[in-house]
Amino acid sequence: MRGGILVVLLWLLAAFPSQAAETRPFVKGTYAELVKAHAGRPLVVHFWSLTCAPCLADLPQWPKLQKRLSFDLVLVSTDPHNQAPALAARLKRAGLADFPSYAFADSFTERLMFEAAPDWRGELPRTHLISAAGDTTAILGTVDEMILRDKLHRH
Amino acid sequence: MIRLAILLAAGLLAAPAPASAHDGHEAKPAAQPKCAEVSLRCAKSATPAFGADGRMWIIWSAAGRVYVSASADKGASFAAPVAVSDPAEAMDDNGEARPKLLATRSGALVAIYAQRMDNRYNGKVFFTRSTDGGHSFAKPQPMLDGIGQRFETLVQAPSGRITAAWLDTRNRIAAKAAGQDYNDTGVALAWSDDDGASFTGKAIKADYACDCCRLAMALDRDGTPLLAWRHVFGRNLRDHVVAKVKDDAPLAPKRVSEDDWAIDACPRHGPSLGVGADGAWNIVWFTGGKRRQGLFFARSDDEGASFSEPQGFGAANRLASHPQVLARDGRVWRAWKEFDGTTTAIQTQSSADQGKTWDAPRQAAATNDASDHPLLVSDGTVTYLSWLTRDEGYRLVALP
């Protein structure tokens with residue numbers, strides 16, 4: 001029994017080292033708080049899921065884009081928050097362990113999506129580019145670097 | 001007059017269940033705890049099936065296991081749940097993906113479901129059956145040895161043959177293991193001539209399906225299964241097709257419409273298909289295409305050689321989504337979800353002239369919390385909306 005617990009602990013340590021960012025719960029009101037907290041700075045909110053192949057293919061481009069274009073980056077997974085360990089592991093693999101990360105923590109997902117965008121039916125990946133002036137551009141699928149530069153840094 | 005049958009699920013189906021191995025390792029205590037009751041309150045979807053004896057069954061999953069429950073009063077009350085699957089870390093169950101049940105002509109119950117096999121999108125399809133009136137289910141069998149199966153579904157033809165279909169990424173997984181870049185998802189078929197005891201075939205019969213949207217299946221007038229799915233044309237054009245199963249031949253998909261929805265993204269939003277006695281193929285779907293956006297209906301009177309001009313429905317400003325269609329008794333019904341930011345409503349309407357004109361949309365049910373996709377089902381006499389919501393439980397609403 002004790003050996004089993006030790007094995008689980010060792011496995012957890014190996015799989016999710018301490019530097020992995022905490023996955024915060026994304027609940028009613030979180031989206032507006034996020035946008036407010038980053039107001040005045042270019043912000044990218046990137047929605048993704050473990051069950052979405054294009055999302056997993058797209059994730060590794062974000063650290064490079066963020067480095068080149070310098071913006072606040074927040075990752076929001078639409079997977080349930082109880083998958084936090086798997087989410088953190090995937091973000092780490094994509095080089096995104098140090099960015100703020102959230103996961104849907106309310107099974108009323110329609111409302112969470114509606115608060116982020118009243119025209120969103122759940123397509124993924126979805127990215128919100130919010131300029132310092134507060135203008136939001138929503139992109140479905142892979143985000144082109146030119147569009148990112150144009151929308152985020154436009155004055 | 002609407003007859004409304006409500007199951008207040010928590011009281012009727014609640015039973016304690018062992019906690020998941022991952023409980024206690026949550027990153028943040030403020031997060032919602034994993035729902036671990038064997039109760040419809042912890043189910044994300046419930047899918048009905050009507051037996052030849054008039055009993056209604058629903059299949060659902062909670063706390064990592066699939067269950068069926070029987071109702072003798074059209075969903076007003078349910079008998080104690082019977083376990084269908086072995087316990088698993090996670091079932092592939094989110095409304096779009098969901099366990100399914102077939103009550104066969106000879107009285108067996110055949111269940112099909114997928115387990116999530118990794119922290120990605122790779123599932124594994126299992127099937128099992130009950131031959132004792134739903135008291136017990138046989139040990140579930142994997143459809144295939146490997147992984148990479150999702151969005152399983154099944155129908156039974158009048159001949160007794162059961163056809164199962166699913167989206168299959170075995171070729172993608174093999175290519176990836178060989179270091180190749182190959183993104184295709186296939187549509188696989190299997191059939192059973194022994195009432196669901198075993199399946200044969202299990203081969204990919206069409207390529208280039210969109211891998212995150214449900215497959216729809218229905219029987220054509222001649223008893224042959226039809227499939228509808230979101231196809232990937234060219235690099236990333238995600239429009240719909242319908243194909244008729246022709247024994248063991250490759251599927252020949254017929255394009256329903258040219259919506260031109262080109263995205264490198266998962267719509268997570270599949271079609272629905274219905275065929276009535278007139279033999280027309282009725283299909284409903286969602287698109288965000290260049291040429292049209294929203295929910296659409298079209299039909300084919302010539303086995304997919306041509307489809308009618310797509311006809312839009314649902315309120316775009318209330319996020320009309322997840323459409324269903326059912327054709328029987330000279331009529332066509334459709335149902336879909338709408339959400340105004342607070343309330344989710346299921347709208348329904350019907351047509352008595354092959355979908356040319358429709359009566360006014362009417363709200364069949366609503367909720368203010370989490371809910372399943374709507375389904376349309378029939379017991380052969382009445383058409384029903386079947387819908388699971390967290391606050392109200394399971395509802396079977398007779399449609400006029």
Exercise for review: Mind counting the residues in segment B:235-252 that are more than 14 Å from chain A (Cβ to nearest Cβ) and at pLDDT 95 or above?
Suggested key: 11
Check your understanding: Hey, among A:Ser49, A:Ser70, which residue is more than 22 Å from B:Lys176 (Cβ to Cβ) and either in contact with a helix residue (DSSP H, G or I) (Cβ under 9 Å, 6 or more places away or on another chain) or surrounded by fewer than 21 Cβ atoms within 10 Å (Cβ to Cβ) (or both)?
Key -> A:Ser70
Review point. Can you find even one residue in segment A:100-116 that is in a strand (DSSP E or B), more than 12 Å from chain B (Cβ to nearest Cβ) and either modelled with pLDDT of 95 or more or under 22 Å from A:Gln61 (Cα atoms) (or both)?
Key: no
Revision key, fill the gap. Of A:Ala84, A:Ala103, A:Ala97, A:Ala89, the only residue that is of a type in the set (Gly, Ala, Ser), in contact (Cβ under 8 Å) with a residue 12 or more places away in the chain and out of contact with any helix residue (DSSP H, G or I) (no Cβ under 7 Å at 6 or more places or on another chain) is A:Ala84
Point to revise | Residues (in contact with a Ser or Thr (Cβ under 6 Å, 6 or more places away or on another chain) and not in a loop (DSSP other than H, G, I, E, B)) located in segment B:166-191 | key: B:Leu167, B:Trp191
**Study point:** Unique match (being in contact with a Lys or Arg (Cβ under 7 Å, 6 or more places away or on another chain), modelled with pLDDT under 95 and within 14 Å of another protein chain (Cβ to nearest Cβ)) among B:Lys28, B:Lys34
**Key:** B:Lys28
Review point. Got a number for residues in segment B:338-392 being farther than 24 Å from B:Ala277 by Cα, part of a loop (DSSP other than H, G, I, E, B) and among the charged types (D, E, K, R)?
Key: 6
Check your understanding: Quick check, is B:Arg255 more than 14 Å from chain A (Cβ to nearest Cβ), more than 26 Å from B:Ala190 (Cα to Cα) and either surrounded by fewer than 18 Cβ atoms within 10 Å (Cβ to Cβ) or within 17 Å of the chain's Cα centre (by Cα) (or both)?
Key -> no
Review point. How many residues, within segment A:95-118, are over 12 Å from the mean Cα position of the chain (by Cα) and of a type outside the set (Asp, Glu)?
Key: 12
Exercise for review: Report the residue count in segment B:85-111 for those that are in a loop (DSSP other than H, G, I, E, B), of a type in the set (Gly, Ala, Ser) and within 26 Å of B:Trp336 (Cα to Cα).
Suggested key: 2
Study note, to complete from the structure: Of the residues in segment B:56-84, those that are in contact with a helix residue (DSSP H, G or I) (Cβ under 7 Å, 6 or more places away or on another chain), more than 18 Å from B:Thr131 (Cα to Cα) and either modelled with pLDDT under 95 or not in a strand (DSSP E or B) (or both) come to B:Ala63, B:Ser77, B:Phe78
Study note, to complete from the structure: Those residues of segment B:193-249 which are closer than 15 Å to B:Asp168 by Cβ, in contact with a Ser or Thr (Cβ under 6 Å, 6 or more places away or on another chain) and small (Gly, Ala, Ser) amount to B:Ala209
Check your understanding: Is it the case that segment B:269-286 has a residue that's of a type in the set (A, V, I, L, M), within 12 Å of chain A (Cβ to nearest Cβ) and either in contact with a strand residue (DSSP E or B) (Cβ under 8 Å, 6 or more places away or on another chain) or under 19 Å from B:Lys100 (Cβ atoms) (or both)?
Key -> no
Study note, to complete from the structure: Within segment B:369-382, residues being closer than 12 Å to B:Phe50 by Cβ and of a type outside the set (A, V, I, L, M) number 4
Check your understanding: Filter segment A:29-67 for residues that are in contact (Cβ under 8 Å) with a residue 40 or more places away in the chain, assigned to a loop (DSSP other than H, G, I, E, B) and within 11 Å of chain B (Cβ to nearest Cβ); which is nearest to A:Gly134 (Cα to Cα)?
Key -> A:Ser49
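The values are calculated or read from the model by the stated rules, or taken from the named source; none is laboratory data. Small disclaimer: the values here were computed from a predicted structure and weren't measured. Cβ coordinates were reconstructed from backbone atoms using ideal geometry, including for glycine residues, and neighbour counts include every protein chain displayed.
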